[in-house]
Amino acid sequence: MIRQTYYLRLALALGLSTMLAACASSGKIPTEDKTAAENAIQQAESSDARDFEPVLLNRAQNKVADAEQLIKDEKFNEAGDLLQQATVDAQLAAARSETAKARKAVEEINANIEQLRQRLNQAQQ
């Protein structure tokens, strides 16, 4: 009976320590997240986000740099989360940049339309 209790406690202790070790592990290196973040940043830069949304673009780049440090410190889960945030920031910067360029194009078209209206009005008088 004492032996059974001993083995039961030993098994319980081993099981708990295994569970704690599994929970404490920091996952795997988030290479896919890093690639996605870097691609999103490149796409944002090609969308002229540096001109229209420099703060968001810089934030995304800083998060990638911070994530690289976390990877060096083997904090892979935290790095993955940060890289996902960087991806979203870069995508938002690209989207806002494209929106700003579209608004600017609409304003130019409206200005051209107004000039044409004025010319037509002058020609009719």
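The numbers here are math on the coordinates, done by the rules we state, and not lab data. Note that the structure is a prediction, hence the values are computed from the model and not measured. Glycine also receives a Cβ, built like all others from the backbone with ideal geometry; neighbour counts cover every protein chain displayed.
Here LYS34 is the anchor, and the lysines within straight C-alpha reach of less than 27 Å, apart from those fewer than 8 places off in the same chain, are LYS63, LYS72, LYS75.
Semi-axes of the equivalent ellipsoid of segment 29-124 are 44, 9, 7 Å, computed as sqrt(5λ) over the eigenvalues of the C-alpha gyration tensor in descending order. Charged side chains reduced to their Cβ positions (Lys and Arg at +1, Asp and Glu at -1) give segment 29-124 a dipole of some 620 debye around its Cα centre. For segment 28-44 versus segment 72-125, the spacing of their alpha-carbon centroids is 22 Å.
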